[in-house]
Amino acid sequence: CLGPAFDEPAIVKALEAHGLAFRKHAPDELCREVARLVHDDLIVGWFQGRMEFGPRALGHRSILGNACNPETKEILNLRVKLREEFRPFAPVVTEDALQAYYDQPTPSPYMLYAPRVKTGLEARVPASTHVDGTSRVQTVSKAQDPLFYGLLKEFESLSGVPVLINTSFNIKGEPIVCTPEDAVRCFVGTDID
């Protein structure tokens with residue numbers, strides 16, 4: 001996450017420019033609220049801190065969904081990403097739960113490995129399990145990204161599963177959002193909840 005960051009006034013300006021209602025949350029309250037929304041199968045645009053540098057959304061410019069719901073992949077492809085329905089989505093998991101869910105011996109903070117989902121757990125994370133039983137997994141530790149980790153822990157407290165769908169905050173053919181204005185434009189131009 002080496003890219004640009006934007007302060008609260010810049011974010012508020014972008015929201016107000018589009019006439020969007022918003023509330024400010026403390027970090028723990030934000031994690032609880034977003035976890036509840038995703039647990040209720042809503043799709044969330046997640047914009048925080050410095051932008052990722054590289055080919056993957058790593059929790060700073062992300063669209064998040066419920067990995068436990070088998071319909072999440074279809075919802076994201078048809079309503080939000082506007083791409084072919086067969087295209088898979090990657091999971092993000094807490095680093096401490098990685099080996100309980102995936103055959104991956106080391107952390108994967110940059111979403112570079114596609115290990116097998118542990119036998120018998122495919123049904124717990126169907127939206128992120130590819131047809132061959134693998135997932136291109138990202139791990140998050142509390143030290144690395146406390147806010148994103150906190151969100152995963154809150155989701156786990158609701159669902160029993162410390163895994164979310166994490167895809168880049170963009171639509172097909174567009175670059176990942178960078179600025180607050182980009183994020184708001186993508187949000188209002190799609191069916192992100």
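The values are calculated or read from the model by the stated rules, or taken from the named source; none is laboratory data. Since this is a predicted model, take the numbers as computed values, not measurements. So basically every Cβ, Gly included, is an ideal-geometry build from the backbone, and we count neighbours across all protein chains shown. Surface areas here come from the heavy atoms of the whole protein model, side chains and all, with no ligands, DNA or RNA. Shrake-Rupley method; radii C 1.70, N 1.55, O 1.52, S 1.80 Å.
So which residues in segment 183-193 are within 19 Å of Phe89 (Cβ to Cβ) and surrounded by fewer than 16 Cβ atoms within 10 Å (Cβ to Cβ)?
Residue satisfying the conditions is Asp191 alone.
Just to verify a result, which residue in segment 123-152, among those that are open to solvent by 70 Å² or more (accessible area, probe 1.4 Å) and part of a helix (DSSP H, G or I), is nearest to Ala100 (Cα to Cα)?
First pass over segment 123-152, keeping only residues open to solvent by 70 Å² or more (accessible area, probe 1.4 Å): 123-124, 131-132, 136, 142-144, 146.
Subset that is part of a helix (DSSP H, G or I): 123-124, 146.
On the way: Ala123: 14, Arg124: 12, Pro146: 21 Å.
Selected residue: Arg124.
If you scan segment 1-32, which residues turn out to be closer than 22 Å to Gln144 by Cβ, open to solvent by less than 60 Å² (accessible area, probe 1.4 Å) and in a helix (DSSP H, G or I)?
Once the filter is applied, which keeps residues that are closer than 22 Å to Gln144 by Cβ, open to solvent by less than 60 Å² (accessible area, probe 1.4 Å) and in a helix (DSSP H, G or I), segment 1-32 yields Leu30, Cys31.
Residues being open to solvent by 30 Å² or more (accessible area, probe 1.4 Å), part of a loop (DSSP other than H, G, I, E, B), over 16 Å from Leu152 (Cα atoms) and not aromatic (Phe, Trp, Tyr): count how many of those fall in segment 88-122.
In the first step, residues of segment 88-122 are kept if they are open to solvent by 30 Å² or more (accessible area, probe 1.4 Å); the result is 88, 95-96, 99-100, 103, 105-107, 109-110, 112-114, 116, 118-122.
Now restrict to residues that are part of a loop (DSSP other than H, G, I, E, B): 88, 103, 105-107, 109-110, 112, 114, 118-121.
Then keep just the ones that are over 16 Å from Leu152 (Cα atoms); that gives 88, 103, 105-106, 110, 112, 114, 118-121.
Then drop every residue that is not not aromatic (Phe, Trp, Tyr), which leaves 88, 103, 105-106, 112, 114, 118-121.
Of the residues in that region, 10 qualify.
Across segment 153-182, what is the number of residues that are surrounded by 19 or more Cβ atoms within 10 Å (Cβ to Cβ) and in a helix (DSSP H, G or I)? Spell out how you get there, then give the answer.
Step one: of segment 153-182, the residues surrounded by 19 or more Cβ atoms within 10 Å (Cβ to Cβ) are 154-155, 161-170, 176-177, 180, 182.
Next, only the ones that are in a helix (DSSP H, G or I) stay: 154-155, 180, 182.
The number of residues fulfilling the criteria is 4.
If you go through segment 15-49 one residue at a time, how many are over 30 Å from Glu74 (Cβ atoms) and of a type in the set (A, V, I, L, M)?
Adding up the residues that qualify gives 2.
Could you list, in sequence order, the residues of segment 33-84 that are modelled with pLDDT of 90 or more, assigned to a loop (DSSP other than H, G, I, E, B), surrounded by fewer than 21 Cβ atoms within 10 Å (Cβ to Cβ) and among the small types (Gly, Ala, Ser)?
Gly49, the sole residue that qualifies.
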